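The values are calculated or read from the model by the stated rules, or taken from the named source; none is laboratory data. What you are looking at is a predicted structure, and each value in this text was computed from that prediction instead of being measured. Neighbour counts are summed over all protein chains in view; Cβ atoms, including those assigned to glycine, are modelled from backbone coordinates with ideal geometry. Note: accessible area is taken over every heavy atom of the protein model, side chains too, but ligands, DNA and RNA are not part of it. Shrake-Rupley method; radii C 1.70, N 1.55, O 1.52, S 1.80 Å.
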Amino acid sequence: MSDLSLAAQAAAAENRPPAVPRHVAVVMDGNGRWARQRFMPRFFGHKQGVDALVRAVNAFADRGVQYLTVFAFSSENWKRPSEEVSGLMSLVLVAVSKYLTKLAGDGVRIRIVGDRSAVSDKLRRAWEHAEELTAGNSRITLAVAFNYGGRWDVVQACRQAIADGVPAEAVDENWLASHMALSFAPDPDLFIRTGGEMRISNFLLWQAAYSELFFTECLWPDFGEAEIDAALEAYAQRDRRFGTIRPNQVVPEGT
Ligand code: IPE
Ligand code: IPE
Ligand code: MG
């Protein structure tokens with residue numbers, strides 16, 4: 001029996017230091033409070049949040065993370081006041097025009113995950129453009145979860161099965177996983193939530209089954225390199241077992 005943990009074995013097979021998560025998911029929470037602390041409107045916090053995201057993508061990529069999935073707008077965020085919702089929609093367009101060229105030049109591949117049916121044609125076209133422009137990049141994949149909900153994701157995968165006439169016995173965990181929004185990425189190794197709340201808020205319910213969770217009080221616009229290093233250091237200390245026991249606790253058969 002190898003004395004490497006399962007995570008370390010997977011990392012060794014990919015020639016990657018075991019301590020670095022391959023996929024990090026982040027609930028970017030706390031923009032509103034960050035702005036209110038400065039007596040500014042909540043929108044100001046969202047704007048700063050976009051800048052923090054662009055910095056974070058590069059910082060995670062520099063540290064060897066291959067996939068970064070961020071929660072930008074949840075299925076439930078439509079319940080916010082209409083001015084905030086429309087402000088967030090326009091901010092996405094502004095963010096794409098401000099940062100797309102830079103991110104493309106930085107080797108970032110952009111993918112949008114979530115229900116696109118409810119967003120404007122203009123926004124959909126901006127996303128398609130961002131995805132097409134960066135499709136050849138491979139330094140890091142940034143998956144932006146927008147109008148995304150973990151429950152929506154499970155339901156839309158089930159609907160595909162029914163629409164395609166897939167027999168019930170063929171719908172297993174592998175089939176569902178390969179029809180869910182993040183089917184192009186491995187499950188997240190590390191799940192971070194900023195802003196102090198200790199809940200998942202309907203983010204990656206299926207994919208986070210074995211993610212290591214990291215909660216920080218830091219509000220998203222303040223989440224910089226020092227906070228990223230603290231999260232990665234905490235991750236490196238975790239003992240991932242995926243339901244097994246530690247290799248050094250395996251008792252030889254017959255004893
Ligand atoms: C997260 O920040 C960003 C979005 C949900 C779009 P919030 O807007 O939830 O900020 P807080 O939690 O109210 O501070
Ligand atoms: C989760 O944050 C969604 C995003 C960060 C996009 P919320 O602020 O919407 O979550 P709750 O309402 O505190 O659970
Ligand atoms: Mg919030």
Is it the case, given these coordinates, that THR194 is open to solvent by less than 60 Å² (accessible area, probe 1.4 Å), of a type in the set (Val, Ile, Thr) and under 20 Å from GLN66 (Cα atoms)? no
Looking across segment 190-249 at residues that are β-branched (Val, Ile, Thr) and part of a loop (DSSP other than H, G, I, E, B), the single one that is nearest to ligand 3 (Cβ to nearest atom) is THR194
Would you say ARG199 is open to solvent by 80 Å² or more (accessible area, probe 1.4 Å), over 24 Å from ILE110 (Cα atoms), free of Cβ contacts under 8 Å to residues at least 60 places away in the same chain and under 18 Å from the mean Cα position of the chain (by Cα)? yes
Only unsatisfied item for ASN174, checking (1) assigned to a helix (DSSP H, G or I); (2) touching a helix residue (DSSP H, G or I) at 6+ places or on another chain (Cβ under 8 Å), is (2)
Out of VAL24, VAL65, which single residue is in contact with a helix residue (DSSP H, G or I) (Cβ under 7 Å, 6 or more places away or on another chain), away from ligand 3 (no atom under 16 Å from the Cβ) and not in a helix (DSSP H, G or I)? VAL24
Which pairs do you get when a residue that is surrounded by 13 or more Cβ atoms within 10 Å (Cβ to Cβ), found in segment 36-47, comes within reach of a residue that is among the acidic types (Asp, Glu), reach meaning Cβ atoms under 9 angstrom, with the pair 6+ apart or on two chains? ARG42/GLU84; PHE43/GLU83; PHE43/GLU84; HIS46/GLU84
Report, by residue number, each residue of segment 72-97 that is open to solvent by 20 Å² or more (accessible area, probe 1.4 Å), under 24 Å from GLU225 (Cα atoms) and within 11 Å of ligand 1 (Cβ to nearest atom). ALA72, VAL92
Out of all the residues in segment 104-150, which are in a loop (DSSP other than H, G, I, E, B) and more than 18 Å from PHE184 (Cα to Cα)? ASP106, VAL119, SER120
Are any residues in segment 73-107 among the aromatic types (Phe, Trp, Tyr) and under 19 Å from HIS129 (Cα atoms), and if so, which ones? TYR99
Inter-residue pairs, beta-carbon under 8 Å, first in a loop (DSSP other than H, G, I, E, B) and in segment 71-88, second within 11 Å of ligand 3 (Cβ to nearest atom), 6+ apart: GLU76/SER201
